[in-house]
Amino acid sequence: LEENVTVKTGKRSGKENTLHHWGRRFQTQAGDRELLTRHEIQKKAPDLLITNYSMLEYMLLRPIERPVFQQTRAWLVSDSRNQFLLILDEAHMYRGVGGAEVGLLIRRLRSRLGIGRERVRCILTSASFGEGTSAEAAAREFAIGLTGETAAKSFAIIRGTRERRSGARPGSRAEAAV
């Protein structure tokens, strides 16, 4: 999309200049697989929106973002089998006051979408929940409190396998200086 041109007037007359065409770059082109700009998302809600809780809060407040939620709500209404999938990465970080705010944000999101708990599927990820049955019970209780789910809806705990890298070692001071 870059174009080299010769400046015709002014102090830089006769010198070469590169036009980057930023206006065309920051718009989804034919064949692109993702939405790149907020303006495009506001026109057509994406199938997948990756954001953080702070931006989600702004989106819920800003009138210009309403089409995203209206379109998502229409999609949920269109088929009773459709479910809203909410993924919270590093969920263990949402404790205390911050966790309460995120919990309320999830409830406001459900309210904006006009859906009950049964239409939301939550996935919470963490590498910090601990081991054993008491840790699993605490993780389930935490997930229920954060998401507003009922105790009747089960949370499955899926454990990963820690993989050790072969040849892994701490770096040396010489390596750090490079």
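The values are calculated or read from the model by the stated rules, or taken from the named source; none is laboratory data. Every value quoted in this text rests on a predicted model; they were computed, and no experiment measured them. Please note: Cβ atoms are built from the backbone with ideal geometry, for glycine as well, and neighbour counts cover all protein chains shown. Only protein heavy atoms, including side chains, enter the accessible area calculation; ligands, DNA and RNA are left aside. Shrake-Rupley method; radii C 1.70, N 1.55, O 1.52, S 1.80 Å.
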Query raised in the report: Taking into account only those residues within segment 1-43 that are under 30 Å from Arg66 (Cβ atoms) and among the polar types (S, T, N, Q), which is modelled with the lowest pLDDT?
Result: Thr28
Requested in this report: Return a yes/no flag: does segment 146-158 have any residue that is open to solvent by 40 Å² or more (accessible area, probe 1.4 Å), without any contact (Cβ under 8 Å) to a residue 40 or more places away in the chain, in contact with a Phe, Trp or Tyr (Cβ under 9 Å, 6 or more places away or on another chain) and outside any helix (DSSP H, G or I).
Outcome: yes
Query raised in the report: Is segment 98-118 home to any residue that is over 28 Å from Leu60 (Cα atoms) and exposed (fewer than 15 other Cβ atoms within 10 Å of the Cβ)?
Result: no
